[in-house]
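The values are calculated or read from the model by the stated rules, or taken from the named source; none is laboratory data. For clarity, every value in this text was computed on a predicted model and none was experimentally measured. Please note: Cβ atoms are built from the backbone with ideal geometry, for glycine as well, and neighbour counts cover all protein chains shown.
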Amino acid sequence: MSTKTAAFKPPSRKLFKRNEIWGWLFAGPAIIGFLGFTLGPMIASIYLSMTDSSLGFDGNWIGMAHYARIFTAEPFIWISVRVTLTFVAIAVPMHIITAFFIAVLLNTEGLKGLKYWRTIAYVPSIVPGVASMFLWRWIMNPRGLLNAALESVGIPGQNWFFDEFWVLPAIAFMGIWGIGGNMVIYLAGLQGVPRSYYDAIEVDGGGIFSKFRYCTLPMMTPVIFFTIIMGIIGGLQTFIPALLVTEGGPNNASLFYGWHIYRTAFINFNMSYAAALSWIMFLVILAITAIVFATSKHWVYYEGGESK
Amino acid sequence: MRKLVTTLLTVTMALAVLGLAAACGGSPAASGDYPTLTFMYWGGLDEQNAVEAIIEDFNAQNEGRVRVIGEHIAADFGTVMNTRLAAGNPPDIAYTAAGTFYTMASEGHLLAVDHLLPPGFLDTVVHDAIWRYNGQVMGFSTAQVNLMIYYNADIFARHGVERPPHRFDDALSWDQFVNLAQRVTVDRNGNNALHPDFNPNQIDTFGFNTGPWLNNIALFAYSNGARMLNEDLTNTDFDSPEWIDTMYKMNRLIHHYRVMPTPAESEGFPENPLMNGAFAMSIGGRWEMMAFAQLDFELGCAVMPNLGHGAFTMSPPGVTSIFAGSEHPELAWEFWEFKMDVENGATELYAGGLWQPIQHDPWYTDPAALAVWTDNDAHPASFRYAALDMAMRPSQIVPLPASYLVRIGEHQQYVTPAIQEIMGNPMTFDQVAETMRTVQQQITDNAAFHGIFNYDNVLPRR
């Protein structure tokens, strides 16, 4: 009818208004969820952390006393910080290098059964964390599959989860199982690298190493940057292995900060102190993320040329 | 079309909002005019079935008068409880973990039940099954669960070694106990730990095993003259010579005599390690007997060794309490008393080996009542001595630390790693002493933060 003949007309005020309403309606559940279930509890936990309450909100106001204790008298804080940072230092590079390596392999053109290899590499990461944890507990048991395999080739087995030295590397190793997500991200990134760049390097006489060093790696830095950030945040929050496998032991060797918060809140029922511990964790994660972001301008390459 | 979409979206949202509102304020509506009670509990399938049977019997007998609704919490009981309390929606009656009893009592969540108890009731209950706060009874152990030594009698028979004793008066001395454990510790070549060719690195059967837990170690410590608290009951006493000596003995059992695995080694044991001969004796509690009863080996029960002050036992139970928010505490008590009776609904759970009554009168002392739940294959004859006789010797019961150390979980944060360290690594006496002194210092430094002791259950004996 009229629209058929009319030239382009800017949307009427009424239509704009109606679209806005619909926009809010669709975004509404997410916004309400965020306010009610994330932001609200976060703000409440600031208040909670300044009381001496064990359960609920009926404690007395004690101001910054919990925070003072965390930095002066808390005996587990430095153990758990050391454990958590050590774990991140082991796990993040281990997972990123492995995922990247596998992604490069799975990006090989003409590889036979490529689709199947990619699926096999990704499938473990969709197994729920708790289920895979039980599986690995069994595999890495002192009398489990891994030790049997090692011993069959003459390498002595270890008490993986129950040895102070091995427990963190063992948990990090177990995490390789879940790198499928990162691998897919890398794979997507690798396929976005223009073919012509490789051709240019070939023309200049560069080999496979030069292609990787001067083209693949720089082009992939934004993706690597993203996965490092996510890896660090995830690593700092590690908690399930302690809950299901080690309970922070042996001798505090896997006392993850996240586990320390959990046991303070749900085993020792000291909610207010756990809330204070959580806020310190939040600030530390924020700070570390900011630091990684700050370094990014020196090594992350954006094609748009905004920085290099 | 657009109208249809609009309508659908609106209806969906309205339903979502309504659903949320219902979920927030929802509670099962009372059926009829009579009161309903919520009973919240945990436990495996057997326990769940038994509790449901008890509830069914109780409801049938009280048709039209009161109705109990069982709420079985399969996982994260503490979190569920915590959420209910924070939301102001407590159960009427519920299990509570021993370690959280004092937090809940001190915050006013538990009801003092003294006025509900029939006259003389407390005299019928095993002494350490009564949970007090500020002098008032606020809970009873859900079941009595005395720790003792369980052994695989087949292993002793196979090696021609006499069984460990089950009578208090016959308890082995420390040296006798070590010697007995050595004779049933066997390496891959069949040599026992006293044999000159014994290979301590390839052990098939350890003589003894215990987890690196404060409760289990305390059985040795108390018999060795150690106490959890110091003389004036103001602090723990882990740096006392008796505690250090006990911990050194544990270290020697593992790393010198090799009759016991390190905690790490014991993680590698097969399923059902006692039946499968991974060890010949171990410290365990009542709750294990039900599983033992279904396995194919001859179970024996023995008393702990006597390190100078007689054999000791301890009962680390769950607690059952009525909640202060309950509108019908009398009815809750009525249900509780009903549940305590071995013959109401769950006899097979007592007879099967899971529950043990907390009332010694009549269930331990009256032969007919005793036979109702122990005259069966799940209960070897030695059980009556190693468990029931010991449960009625107040001077030989280690008071459960959770029953007087408020915030016990936080104390264990210090102690458990130290026990793991001492049991996990070969150490000299001085190194053990240093570790225990460090632990005690940490507890002293943080005592003010972790709160106070509760003297009710402590004064007679620490």
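Here are a few things to note about the model shown:
- Looking at segment B:259-343, the strands (runs of 3 or more DSSP E) lying wholly inside it that each contain 1 or more residues that are in contact with a strand residue (DSSP E or B) (Cβ under 8 Å, 6 or more places away or on another chain), within 30 Å of B:ASN89 (Cα to Cα) and of a type outside the set (Asp, Glu) sit at B:319-322.
- When we screen A:MET133, A:MET140, A:MET174, A:MET183 for residues that are in contact with a helix residue (DSSP H, G or I) (Cβ under 6 Å, 6 or more places away or on another chain), over 28 Å from B:THR262 (Cβ atoms) and aliphatic (A, V, I, L, M), the only hit is A:MET183.
Residue by residue, here is whether (1) within 28 Å of B:SER282 (Cβ to Cβ); (2) within 14 Å of chain A (Cβ to nearest Cβ); (3) of a type outside the set (A, V, I, L, M, F, W, C) holds:
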position	(1), (2), (3)
B:ARG84	no, yes, yes
B:PHE101	yes, yes, no
B:SER106	no, yes, yes
B:ILE130	no, no, no
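- Within segment A:89-102, the residues that satisfy the criterion of being surrounded by fewer than 20 Cβ atoms within 10 Å (Cβ to Cβ), of a type in the set (A, V, I, L, M, F, W, C) and either touching a residue at least 12 places away in the same chain (Cβ under 8 Å) or touching a strand residue (DSSP E or B) at 6+ places or on another chain (Cβ under 8 Å) (or both) are A:ILE90, A:MET94, A:ILE96.
- Filter result for A:LEU48 (within 11 Å of another protein chain (Cβ to nearest Cβ), part of a helix (DSSP H, G or I) and in contact (Cβ under 8 Å) with a residue 24 or more places away in the chain): yes
- Of everything in segment B:363-416 that is free of Cβ contacts under 8 Å to residues at least 24 places away in the same chain and either outside any loop (DSSP other than H, G, I, E, B) or within 14 Å of another protein chain (Cβ to nearest Cβ) (or both), the residue that is nearest to B:SER106 (Cα to Cα) is B:GLN413.
- Scope segment A:51-96; condition part of a loop (DSSP other than H, G, I, E, B), more than 26 Å from the chain's Cα centre (by Cα), within 14 Å of chain B (Cβ to nearest Cβ) and hydrophobic (A, V, I, L, M, F, W, C); matching residues: A:LEU55, A:PHE57, A:ILE62, A:ALA73
- Search result, residues across segment B:119-142 that are in contact (Cβ under 8 Å) with a residue 60 or more places away in the chain and farther than 27 Å from A:ASN270 by Cα: B:ASP123, B:THR124, B:VAL125, B:VAL126, B:HIS127
- Any hit, segment B:322-333, residues being small (Gly, Ala, Ser) and within 19 Å of the chain's Cα centre (by Cα): no
- Taking the criterion of being more than 12 Å from every other protein chain (Cβ to nearest Cβ) and farther than 22 Å from A:PHE101 by Cβ, the residues of segment A:117-138 that qualify are A:PRO128, A:GLY129, A:ALA131, A:MET133, A:PHE134, A:LEU135.
- Within segment B:150-177, tally of residues that are of a type in the set (Val, Ile, Thr) and touching a Ser or Thr at 6+ places or on another chain (Cβ under 7 Å): 1
- Condition check for A:TRP166: crowded, with 17+ Cβ neighbours inside 10 Å, modelled with pLDDT under 90, closer than 23 Å to B:PRO270 by Cβ and within 14 Å of chain B (Cβ to nearest Cβ): no
- Residue check for B:GLY78: within 14 Å of chain A (Cβ to nearest Cβ) and among the small types (Gly, Ala, Ser): yes
- Segment A:116-148, residues that are of a type in the set (Gly, Ala, Ser), in a helix (DSSP H, G or I) and over 28 Å from A:TYR186 (Cβ atoms): A:ALA148
- Residues of segment A:171-229 that are surrounded by fewer than 19 Cβ atoms within 10 Å (Cβ to Cβ) and in contact with a Pro (Cβ under 6 Å, 6 or more places away or on another chain): A:TRP177 alone.
- Inside segment A:144-163, residues that are of a type outside the set (A, V, I, L, M) and either touching a residue at least 60 places away in the same chain (Cβ under 8 Å) or loosely packed, with under 13 Cβ neighbours inside 10 Å (or both) make up a count of 7.
- So A:VAL300, is it β-branched (Val, Ile, Thr), within 14 Å of chain B (Cβ to nearest Cβ) and crowded, with 18+ Cβ neighbours inside 10 Å: no
- Against the numbered list (1) over 24 Å from B:PRO273 (Cα atoms); (2) surrounded by 24 or more Cβ atoms within 10 Å (Cβ to Cβ); (3) within 18 Å of the chain's Cα centre (by Cα), B:VAL303 comes up short only at (1).
- Test: residue in segment B:41-57 that is among the aromatic types (Phe, Trp, Tyr), touching a helix residue (DSSP H, G or I) at 6+ places or on another chain (Cβ under 8 Å), more than 11 Å from chain A (Cβ to nearest Cβ) and in a helix (DSSP H, G or I): no
- Residue match in segment A:152-162 (condition: aromatic (Phe, Trp, Tyr), away from chain B (no Cβ under 14 Å) and part of a helix (DSSP H, G or I)): no
- Unique match (being closer than 23 Å to B:LEU388 by Cβ and modelled with pLDDT of 90 or more) among B:MET304, B:MET275: B:MET304
- Within the set B:THR124, B:THR96, the sole residue that is buried (at least 24 other Cβ atoms within 10 Å of the Cβ), touching a strand residue (DSSP E or B) at 6+ places or on another chain (Cβ under 8 Å) and of a type in the set (Ser, Thr, Tyr) turns out to be B:THR96.
- Going through (1) exposed (fewer than 14 other Cβ atoms within 10 Å of the Cβ); (2) without any contact (Cβ under 8 Å) to a residue 60 or more places away in the chain; (3) among the small types (Gly, Ala, Ser) one by one, B:ALA86 falls short only on (1).
- Residue satisfying all of: in segment B:423-439; modelled with pLDDT under 95 and surrounded by 22 or more Cβ atoms within 10 Å (Cβ to Cβ); nearest to the other protein chains (Cβ to nearest Cβ) among these: B:GLY424
- Filtering segment A:71-88 to residues that are surrounded by 15 or more Cβ atoms within 10 Å (Cβ to Cβ) and more than 15 Å from A:ALA253 (Cα to Cα) leaves only A:GLU74.
- Residue in segment B:246-255 that is within 29 Å of B:ALA143 (Cα to Cα) and touching a strand residue (DSSP E or B) at 6+ places or on another chain (Cβ under 8 Å) present: no
- Of B:GLY225, B:GLY211, all but one fail to be in a loop (DSSP other than H, G, I, E, B) and within 22 Å of the chain's Cα centre (by Cα); the exception is B:GLY211.
- Matching entry among B:ASN230, B:ASN276, B:ASN215 (being surrounded by fewer than 22 Cβ atoms within 10 Å (Cβ to Cβ) and within 14 Å of chain A (Cβ to nearest Cβ)): B:ASN276
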